[in-house]
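Reading through the structure tokens given below for one structure.
Read-outs throughout are calculated quantities, based only on the coordinates presented, and are distinct from any laboratory measurement. All of these numbers come straight from a predicted model, not from anything done at the bench. Reconstructed Cβ throughout: ideal geometry from the backbone, glycine too, with neighbour counts over all protein chains shown.
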Amino acid sequence: MWGKGKKRFGGGGGSEPAAKRQAAGDEGPSESAEDGTVVAEISKNKKVSVRSWKGKVYVDMREFYTKDGKTLPTKKGISLQLDQWKILRDNIKAIDEAIKENA
């Protein structure tokens with residue numbers, strides 16, 4: 001849960017403060033954005049990026065929206081630390097099997 005009076009992306013447990021969040025841009029899959037972030041486009045408004053922040057690597061999966069011609073991130077998403085990403089990656093087969101069972 002988020003602490004009382006703390007913002008989701010500004011010091012309340014989010015992986016980066018609001019001032020550090022940047023839009024991934026309009027690049028296609030596997031291209032670098034201006035901030036050096038590698039972006040993969042999952043769908044029109046959902047992107048995966050890999051970024052380094054405060055000396056740590058994060059995998060960021062996030063929804064975006066367009067305002068005044070600019071693509072901007074929403075609060076809907078997750079930033080995984082590298083160890084968390086490795087756990088997810090190592091369990092992809094089990095996740096795929098669970099999807100097949102429930103589809």
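Quick notes
- Sorted ascending by nearby beta carbons within 10 Å, beginning with the fewest, 58, 65 become 65, 58.
- Under the Karplus curve 6.51 cos²θ - 1.76 cosθ + 1.60, θ = phi - 60°, whole-Hz ³J(HN,Hα) for region 75-92, x wherever Gly or Pro sits: 7, 7, x, 8, 10, 9, 5, 4, 5, 5, 4, 5, 5, 4, 4, 5, 10, 4
- Sorted by Cβ density within 10 Å, fewest first, the residues 83, 68, 60: 68, 83, 60
- Put simply, when 84-91, 95-102 are sorted by average Cβ atoms within 10 angstrom per residue, most first, you get 84-91, 95-102.
- Counting neighbouring Cβ atoms within 10 Å and putting the fewest first, the residues 49, 79, 43 line up as 43, 79, 49.
- Shape of region 35-103, Cα gyration tensor, a/c cut at 1.5: oblate
- Taken along the Cα-to-beta-carbon direction at a fixed 7 Å, the label points for residue 96 and residue 84 span 2.4 nm.
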